[in-house]
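These notes concern the structure reproduced below.
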Amino acid sequence: MNHLVIIPTYNEAESIEKIIPEIFKLYNQINILTVDDSSPDGTAKLIEKLQIQYKNLYLLSQEKKQGLKKAYIEGMKWGLAHGFDVFSTCDADFSHNPKYIKDIIEYLNEGYEAIFGSRYIKNGNTRETDWFKNFISIGGNIYARFILGKKIYDWTEGFNTYTKSALEKINLDLITAKGFIMHAQMKYRAVNSNCKYKEFPIDFLKREKGCSKMDFNIIFEAFFCILKIKLGL
C-alpha cells in the first residue's frame with residue numbers, strides 16, 4: 001500500500017512542525033504531501049526545512065491563494081500521478097488526531113474504498129466549544145442528510161480516506177463545490193458510485209494554534225451548494 005496523507009496549509013506555521021513528526025511516527029510506509037496555499041507566514045519554508053529530515057515529505061506550493069478545494073484536488077491529482085493508491089485528508093492544526101490513521105489501515109484491509117471520519121455517530125465527539133460553530137455544523141449536517149438522502153451523519157468532516165479506485169469512480173474533475181462542502185460532494189459521489197464505504201467515529205479536537213477559516217460567506221454558500229450537489233449541478 002502506497003499511502004499519501006494530504007495536508008492543506010494556509011498560515012499554519014505554528015502547527016505544521018508538530019503534526020508532521022506525529023504522522024511519521026505511525027508506520028514506515030506513510031507519506032505526507034503538504035499543499036501550501038501561498039501562506040504569507042512562511043509555512044512553506046518550514047516544510048522545506050523538514051524535508052531534509054523526512055524523505056517521504058513532499059510540498060506542493062500554490063502560486064496564489066486558491067482555497068481548500070483546490071488544495072485537496074490538486075493534492076490528490078499529484079498523488080495519482082506519482083503512483084499512490086491510498087489518500088487521506090487531514091488538517092494541519094491537530095483538530096484531526098493522527099492516531100486514527102492506524103484505524104483507517106484496518107478498514108482498508110477489510111476492503112473499504114472510502115472511509116469517513118464522523119463526529120456525529122455513536123462514540124464520535126467534538127471538543128469545539130464555540131456554541132455557534134457547533135450549531136451551524138450540527139444543523140448543516142442534518143440539512144445535508146435530509147437533502148442528499150444518504151445515511152451519512154457527518155457530511156462536512158474533512159478527515160477522510162479514499163483508495164485510487166474510489167477517486168476514479170468519483171472523478172475529481174467533477175468536484176465543483178468549494179471549501180468544506182467539497183467533502184460532502186466527494187462523499188455523495190462515492191456513495192452514488194457504489195464505493196464500499198464506512199463512517200467511523202472520531203474525537204474532533206479544538207485546534208491548538210492559529211484561527212478558524214470559517215466565515216458567514218462560507219456558511220451561506222454551503223446552503224446552496226448542497227442543493228446543487230443533489231441536482232447534479
* Counting other C-beta atoms within 10 Å, which of 107, 120 has the fewest, and how do the rest follow? -> 107, 120
* Cα gyration tensor, segment 57-97 - rounded (a/c under 1.5), prolate or oblate -> oblate
* **Hz values of 3J(HN,Hα) by residue in segment 66-82 - Karplus curve (6.51, -1.76, 1.60), Gly and Pro given as x** => 10, x, 5, 4, 4, 4, 5, 5, 5, x, 5, 5, 4, x, 4, 5, 9
* Asked: How many percent of all Cα-Cα pairs in segment 3-231 sit more than 20 Å apart?
  -> 58
* **Label point at residue 193 placed 7 Å out along Cα→Cβ; residues across segment 134-165 whose backbone nitrogen lies under 17 Å** => 160-165
* Structure fact -> At R0 = 22 Å the Cβ-Cβ FRET efficiency linking residue 146 and residue 223, nearest 0.05, sits at 0.95
* To do: Mind ranking 98-104, 127-133 by how tightly packed they are, going by the mean number of other C-beta atoms within 10 angstrom, highest first?
  => 98-104, 127-133
* Using 1/(1 + (r/R0)^6) with R0 = 22 angstrom and r between the beta carbons of residue 78 and residue 171, what's the FRET efficiency to the nearest 0.05? -> 0.85
* Counting other C-beta atoms within 10 Å, which of 96, 82 has the fewest, and how do the rest follow? -> 82, 96
* Multiply the residue separation of residue 27 and residue 53 by 0.36 nm, subtract the distance between their alpha-carbon atoms, and state the gained length in nm to one decimal. => 7.8 nm
* Hey, what's the Cα Rg ratio for segment 30-105 versus the globular rule of thumb, 2.2 N^0.38 Å? -> 1.11
* Relative compactness, segment 11-50, computed as alpha-carbon Rg over 2.2 N^0.38 Å -> 1.19
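Coordinate-derived values only; no laboratory data. Fair warning: this is a prediction, and the values are worked out from it, not measured in the lab. Here the Cβ is made from the backbone with ideal geometry for all residues, glycine too, and neighbour counts use every protein chain on show.
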